[in-house]
1. Going by the structure shown, is ARG132 closer than 20 Å to ALA71 by Cβ and basic (Lys, Arg)?
2. If you go through segment 186-224, how many residues are modelled with pLDDT of 95 or more and not in a helix (DSSP H, G or I)?
3. Quick check on my filter: what residues within segment 152-177 are farther than 19 Å from PRO82 by Cβ and either touching a Lys or Arg at 6+ places or on another chain (Cβ under 9 Å) or surrounded by 21 or more Cβ atoms within 10 Å (Cβ to Cβ) (or both)?
4. Within segment 141-151, track down each residue that is aliphatic (A, V, I, L, M) and open to solvent by less than 30 Å² (accessible area, probe 1.4 Å).
5. For segment 57-68, give me each residue that is in a helix (DSSP H, G or I), in contact with a helix residue (DSSP H, G or I) (Cβ under 8 Å, 6 or more places away or on another chain) and open to solvent by 10 Å² or more (accessible area, probe 1.4 Å).
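The values are calculated or read from the model by the stated rules, or taken from the named source; none is laboratory data. Note that the structure is predicted; figures quoted are calculated from it, not measured. Glycine also receives a Cβ, built like all others from the backbone with ideal geometry; neighbour counts cover every protein chain displayed. These accessible areas exclude ligands, DNA and RNA; they are computed on the full protein's heavy atoms, side chains included. Shrake-Rupley method; radii C 1.70, N 1.55, O 1.52, S 1.80 Å.
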Amino acid sequence: MPAFPDRPATDEISASLSSVASGTAVSAVAKRLLDLFMGGDIAPGTRLPPERQLATALGIGRSAVREALAALEILGIVDVRPGSGTYLRGSASELLPETLSWGLMLGEPRTRELIEVRGALEVFATELAAVRMPDEALKRLGQHLAAMKEAGDNHTRFIEADLKFHLEIARGVDNSVLVTLLQSIRSLLRIWVERGLHDSGDADQAYDEHAAVHDALLSRDPAAAAAAMRSHMVTATERLLRTLPAA
């Protein structure tokens, strides 16, 4: 793993940010950060200022910064490392245009195809993760599962924890191509995921399915892990497809 440079200094990054209006939507905060990150002045792999420093520079609360960084992590723009910090990913400038071009072309037929591909990749990743996933990553996976439980009726928090759960599995495989594919597909399907989670019943079912995947991974049983994820993908796909226009 390459060392991450700390240039430009975090205070210089913060100084280049201007404040945003109070009550600004998280999406607008993410765009402001994205404009900075994609400007070419920050070297790939640079450690970014901590949430508190970014929040102060933008004149907003830390929760908005945290949610914006979480969204950028899902897109593959930044890499959030617990206990270390947040880093600008080296592939950001290449991944973003490709993701945006897919998004512009993404109609209902392609969405259905993406959902199908996503399901197969998730099962494949989970089967590999049962053997390859480090114990530290399994511990974080349990924390994401707990966050889903604690989210209650807050569907936004539930979906964030859900996405991090799946991303943790992909990263645990130690295959950068697989991670990039799943990140790109998930970022494109996110709006449908949000529409597909209608009520607490959906959330409860999704939680139980994730718990089954977690238990199978803890047992280091590839067949059981793949079966649990496959079962989850069946119902997750049904939830996604019901949000699409009738074919």
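1. Values: closer than 20 Å to ALA71 by Cβ: no; basic (Lys, Arg): yes.
Judged against the criteria, ARG132 is not a match.
2. 3
3. Those that are farther than 19 Å from PRO82 by Cβ and either touching a Lys or Arg at 6+ places or on another chain (Cβ under 9 Å) or surrounded by 21 or more Cβ atoms within 10 Å (Cβ to Cβ) (or both): PHE158, ILE159, ASN175.
4. Just the residues of segment 141-151 that are aliphatic (A, V, I, L, M), to begin with: 141, 145-148, 151.
Scanning segment 141-151 gives LEU141, LEU145, MET148, ALA151.
5. So the first thing to find is which residues in segment 57-68 are in a helix (DSSP H, G or I), and the list is 57-58, 62-68.
Next, from what is left, pick out any that are in contact with a helix residue (DSSP H, G or I) (Cβ under 8 Å, 6 or more places away or on another chain): 57-58, 62, 64-68.
ALA57, ARG62, ALA64, ARG66, GLU67 - these are the residues of segment 57-68 that are in a helix (DSSP H, G or I), in contact with a helix residue (DSSP H, G or I) (Cβ under 8 Å, 6 or more places away or on another chain) and open to solvent by 10 Å² or more (accessible area, probe 1.4 Å).
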